[in-house]
Structures are given as C-alpha cells and as structure tokens.
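Written out below as structure tokens is the structure these notes cover.
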Amino acid sequence: MPPKTIKMALVDMMEDLSSQNFERFCHDLLDRREEPQVRRNRVEGRSRLEVVSVLVSTFTEPVAVQVSVEILRQISLNEEAERLVRMTT
C-alpha cells in the first residue's frame, strides 16, 4: 500500500475527531498568535475537508502538520497528535 500523502493524513485525522473536538480544533486554530493567522471566515461553518484545504493553503503541507500537532496537543488530544506524526513521517 502506498504511503499516505500529507493532505490525506490530515483529512484522516480531521475525520477521526468528534464534532466537539473538531470545534475545539477550529477555535484554537483561529486563536493562534503566530503568523500566518487564519481568518474566521475561512474556517467557520466549513467541513473537515475544507479546513484541511485552508491549513495546507495557509501553511504548506509540512507546516500544516506541525500546526495541527501543536493544536491537538493544546486541546489534550495527544494520541491523535502522535498518530498524525506517525502517518506523516
């Protein structure tokens, strides 16, 4: 089986989040202080696939993984963060 692309790994991670955890992820994504910042209208009310596209277009694939892992850890989803790291290395 070919390895997953970074974008597919991000999609899988998003799809595994509960609705509540997905909301928390988006909230923390919007609350980031580092540049570049994600604008609310690019995330609010969007699907998981659309949020992944926003992550990749805003940060590039490798940085999108780093940002996602940071956010997952901030919201105490350490197992999901580690799984994402394993899927992308």
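The values are calculated or read from the model by the stated rules, or taken from the named source; none is laboratory data. Computed from a predicted model, the values in this text were never measured in an experiment. Glycine also receives a Cβ, built like all others from the backbone with ideal geometry; neighbour counts cover every protein chain displayed. Remember, those area values only see protein heavy atoms, side chains included, never the ligands or the DNA or RNA. Shrake-Rupley method; radii C 1.70, N 1.55, O 1.52, S 1.80 Å.
Each residue in segment 59-74 was checked for being among the β-branched types (Val, Ile, Thr) and farther than 15 Å from ASP28 by Cα, and 2 of them qualify.
Please work out if GLN20 is touching a helix residue (DSSP H, G or I) at 6+ places or on another chain (Cβ under 9 Å) and among the polar types (S, T, N, Q). For GLN20, the condition - touching a helix residue (DSSP H, G or I) at 6+ places or on another chain (Cβ under 9 Å) and among the polar types (S, T, N, Q) - is not met. Of all the numbered requirements in (1) touching a Phe, Trp or Tyr at 6+ places or on another chain (Cβ under 6 Å); (2) without any contact (Cβ under 8 Å) to a residue 40 or more places away in the chain; (3) of a type outside the set (Gly, Ala, Ser), VAL63 misses one, and that requirement is (1). Would you confirm whether any residue within segment 14-28 is assigned to a helix (DSSP H, G or I), open to solvent by less than 80 Å² (accessible area, probe 1.4 Å) and over 19 Å from GLU79 (Cβ atoms)? Looking through segment 14-28, at least one residue is assigned to a helix (DSSP H, G or I), open to solvent by less than 80 Å² (accessible area, probe 1.4 Å) and over 19 Å from GLU79 (Cβ atoms).
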